[in-house]
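Working notes, beginning with the structure itself.
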Amino acid sequence: MNVVYRNHWFAIVESDGFHFMREHNASNGAVILAIVNDAIVLVEQYRPAIGKHMIELPRGYGEAGELSIETAARELREETGYVADPRNLRQLGKVAPNGAVLDSEVDLYTVDLGDVEPANTVGDEVGRVMLASPTEVKKMITAGGITDSFTIAALSLYLWC
């Protein structure tokens, strides 16, 4: 295996004539589907790779020594201000967002926070935080307003399985 290129977030690797991306810290990365007062917590973020703002579930890479369930709770707090005890999270499954060119799989979690307000201030990582009913979220997906593979995978497992 030969590393062709490396930056802070990923490496491009060549192996047996195939090239793929290896994301650093993706092995303990996580996506969190949080429910507040029967609404799904979403964030809007600008994604430079595709040059547009995307509506997504909170997610992120893990830190050294962190379990993916801890990553999920931390990302929820950092991106939305909502606080969840990792012990209350339930794993929905796992997603390989693009097995043809990415070697990562990310864990998907959910938590029902009840009727709460955000406990912390949100950092500058996200453009905005929004709450949407499951019906509104389904409409956003079918209308092309939500196209993020992590988000659609987690929502599919939560809403339809």
If you take the residues of the range 102-161 that are in contact with an Asp or Glu (Cβ under 9 Å, 6 or more places away or on another chain), within 13 Å of PRO58 (Cα to Cα) and charged (D, E, K, R), which of them is modelled with the highest pLDDT?
ASP148
Of everything in the range 120-133 that's touching a helix residue (DSSP H, G or I) at 6+ places or on another chain (Cβ under 8 Å) and of a type in the set (A, V, I, L, M), which residue is nearest to LEU42 (Cα to Cα)?
VAL129
Out of everything in the range 1-10 that is surrounded by fewer than 16 Cβ atoms within 10 Å (Cβ to Cβ) and in a strand (DSSP E or B), what residue ends up being farthest from the chain's Cα centre (by Cα)?
ASN2
Is the range 141-150 home to any residue that is under 13 Å from the mean Cα position of the chain (by Cα), without any contact (Cβ under 8 Å) to a residue 12 or more places away in the chain, within 26 Å of ALA26 (Cβ to Cβ) and not in a helix (DSSP H, G or I)?
no
Lone qualifier among ASN28, ASN37, ASN98 - being surrounded by fewer than 16 Cβ atoms within 10 Å (Cβ to Cβ) and in contact with a helix residue (DSSP H, G or I) (Cβ under 9 Å, 6 or more places away or on another chain)
ASN98
Among (1) under 16 Å from the mean Cα position of the chain (by Cα); (2) among the basic types (Lys, Arg); (3) more than 29 Å from TYR5 (Cβ to Cβ) - the single one ARG87 does not satisfy
(1)
Boolean, VAL111 is surrounded by 15 or more Cβ atoms within 10 Å (Cβ to Cβ), β-branched (Val, Ile, Thr), in contact (Cβ under 8 Å) with a residue 40 or more places away in the chain and closer than 20 Å to LEU155 by Cα
yes
Note: among GLU117, GLU136, just one is farther than 19 Å from GLU70 by Cα, surrounded by 13 or more Cβ atoms within 10 Å (Cβ to Cβ) and free of Cβ contacts under 8 Å to residues at least 12 places away in the same chain, namely GLU136
Looking at GLU75, GLU70, which is the one that is among the charged types (D, E, K, R) and out of contact with any strand residue (DSSP E or B) (no Cβ under 8 Å at 6 or more places or on another chain)?
GLU70
I need the full set of residues from the range 26-79 which are free of Cβ contacts under 8 Å to residues at least 60 places away in the same chain, under 20 Å from LEU155 (Cβ atoms) and charged (D, E, K, R), in order please.
ARG47, LYS52, GLU75, GLU79
Right, ALA11: among the small types (Gly, Ala, Ser), farther than 24 Å from GLY114 by Cα, in contact with a strand residue (DSSP E or B) (Cβ under 9 Å, 6 or more places away or on another chain) and at pLDDT below 90 or not?
no
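The values are calculated or read from the model by the stated rules, or taken from the named source; none is laboratory data. The model shown is predicted, which means the values in this text are computed figures rather than measured ones. FYI the Cβ positions are ideal-geometry reconstructions off the backbone, even for glycines, and counts take in every protein chain you see.
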